[in-house]
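Below: one structure, written as structure tokens.
The values are calculated or read from the model by the stated rules, or taken from the named source; none is laboratory data. In this text the structure is predicted, and so the values were computed from the model without any measurement. When we count neighbours, we look across all protein chains shown, and the Cβ atoms used for this are built from the backbone with ideal geometry, even at glycine. These accessible areas exclude ligands, DNA and RNA; they are computed on the full protein's heavy atoms, side chains included. Shrake-Rupley method; radii C 1.70, N 1.55, O 1.52, S 1.80 Å.
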Amino acid sequence: MKHIFTLIVAALFFTACAAPQKERKQAAYQNPVIKGDFPDPTIIRVGDVYYAAGTSNDFAPNYPLYESKDLINWTRIGAVFSEPPAWSSEDFWAPELYYKNGTFFVYYTTKRKDTGIACIGVASTKNIYEGFTDHGIIIEWGDEAIDAFVFQDEDGKFYITWKAYGLTEGREIEILASELSEDGLSLKGEYFSLTDQSKGWKGPGHEGQCLIKRNGYYYLLYSAGGCCDNRCDYHVMVARSKNLRAGWEQNPEPILQGGETWRCTGHGTLVNTPDGRYFYMYHSYNAIDFEFIGRQGMLDEMFWNEETGWPYFKNGTASVSAPVPFENKVQRIDSVFTDDFSTDEYLSFLEWDIIGVKPDAKVADGELIITPQESGISFLGLRPEKGNYELVAEVIPAKGRNGIGIYSNTNYLLSLAVDQSGLVLYQVKNGEEQILSEMALNKPASVFLKYEAVSGRYFQFLWSENGEDWIPVQVDQQQLVDGTFLAQWGFSPRVGFITKGSGKNAFHFSSVTIKYHYN
């Protein structure tokens, strides 16, 4: 069978804008530009190609990588790490891409395996399509160092900045900075603070920073407020100074914040286009899907008030739609993903839980074969891109439970599965398993399993013998299952294949389709 990846191309979205002597319509794009859970995005431009990466939390491959030539259509090209570095344990946050003299660098946050302290590591590659080589820890600072950002000053020196002291008792949160060595792998000289309250900086709790220099001023964009659940109030602030080490003037009002459709905007980086414009890639929650789909990759152009010298965003809120960055570009809307496992083209993009049971996976003879490395529950799947969607898979019954579902970690999941005796719908909540529904089957060769998601948190499960005639799974005479318990702080649940059995059991799947519903 032929591998299928169906792309449904959306119609152009138009907004009216004034033009000299005549009115013209300008094409627009829709946010988000990178859908699904993609917090803390970083973006760079190398020639005419843009590259982006984002937080992956406790799922590997770590830090998904994308590329684009127009800032609105992004293609997944791999990940920074296919396996976590040996010294790391969890919380793979806030990667920072940088390109210098033919080498790609990434400065990333994760926790040490031996101490649990959040540190900043560094890795590099000459070929971004082949993954990165890790060089270990570059910054360990008190009980926490996160959110690296690298920039080059006009004198040619390179600097790295980071958020420090977030967990250290008795210390205010600061954004610190240090010069980088020429090879980018170590700090050089004395560190200094960008947000020293003894020198006039007002307010702690800042993070997700990026720096640029324009017309003699350093501009520091940073995020403040709560970032990571439905109580969030994240927003973007800006300060400026003619001296990198002191004299910062803080703009008292947010320059970018949430609106009715997109909430809690922040933690982004700026990139220049060849014609000198500034675009900011950041994350934001959808007001309906919220933490069940996660903080998604957004894009907005940043403008300058030439009278005051301050930057601003149109309307000051996250755009639902905005003019495309480049003329004659059309945004693509991918609403269906289908894989019949005739090739392993997308196998390397499937995510697994680095704290749970790691599954070995391969594609052979038109099947995805998952073999967990040890007994227990394992997961392999994808980040959902929207709250309203359906997932269908053809599953081959085996020893143990073989199924589909929604997964945060081994303590929080919801799954419809088959085993050698029949069908079982179960959940794990706070580490406790509960059977929601069971049904005997007459030893079918394969079973089609399906669920339909509403706003990423309510689910209707169904099954079929032929993939066409669907039978709902009843739970206490109800068809809709409440999955609001699934979302955990800081990241959205993943969706895909959930298995449970003794170690080295082989679980087989013949196809998977995810269809997103757009209004």
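To the nearest 20 debye, what is the magnitude of the charge dipole of segment 304-358 about its Cα centre, counting +1 on the Cβ of each Lys and Arg and -1 on the Cβ of each Asp and Glu?
With Lys and Arg at +1 and Asp and Glu at -1, about 260 debye.
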Problem set entry | Check: the chain dipole with +1 on Lys, Arg Cβ and -1 on Asp, Glu Cβ, in debye | 760 debye
For this session: Please work out how much accessible surface MET439 shows to a 1.4 Å probe, ignoring ligands, DNA and RNA, in Å² rounded to 10.
Result: 80 Å²
For this session: Taking only protein heavy atoms into account and a 1.4 Å probe, give the accessible area per residue of the chain in Å².
Result: 42 Å²
Seminar exercise, completed: Given Cβ charges of +1 for Lys and Arg and -1 for Asp and Glu, the option among TYR217, THR195, VAL475 whose Cα lies farthest towards the positive end of the dipole of the chain is TYR217
Problem set entry | Structure-derived semi-axes √(5λ) of the Cα gyration tensor in Å - corresponding label in (1) 41, 26, 21; (2) 37, 28, 19; (3) 76, 29, 16 | (1)
Seminar exercise, completed: Beyond 20 Å (Cα-Cα) in this structure, taken from LYS163/LYS314; LYS35/LYS100; LYS35/LYS500; LYS113/LYS358; LYS111/LYS362; LYS100/LYS157, we find LYS163/LYS314; LYS35/LYS100; LYS35/LYS500; LYS111/LYS362
Problem set entry | Accessible surface of the chain [probe 1.4 Å, protein heavy atoms]: carbon and sulfur percent | 46 percent
For this session: Name the residue farthest towards the positive end of the dipole of the chain from the options TYR165, ASN272, PHE461, assuming +1 on Cβ of Lys and Arg, -1 on Cβ of Asp and Glu, about the Cα centre.
Result: ASN272
Problem set entry | Cα centroid separation, segment 113-172 to segment 449-519 (Å) | 38 Å
Exercise. Short version: ³J(HN,Hα) in whole Hz for each residue of segment 289-302, in order, from phi by Karplus 6.51 cos²θ - 1.76 cosθ + 1.60 (θ = phi - 60°), x for Gly and Pro, what are they?
Worked result: 6, 6, 6, 7, 10, x, 7, 9, x, 10, 9, 8, 7, 9
Problem set entry | Accessible area (Å², 1.4 Å probe, nearest 10) - LEU185 | 60 Å²
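Need one word for segment 102-192: rounded, prolate or oblate. Basis is the Cα gyration tensor (sqrt eigenvalues a ≥ b ≥ c); a/c below 1.5 gives rounded, then a/b vs b/c decides.
Working: a/c = 2.49, a/b = 1.28, b/c = 1.94.
Oblate is the answer for segment 102-192, as a/c is 1.5 or above yet b/c matches or exceeds a/b.
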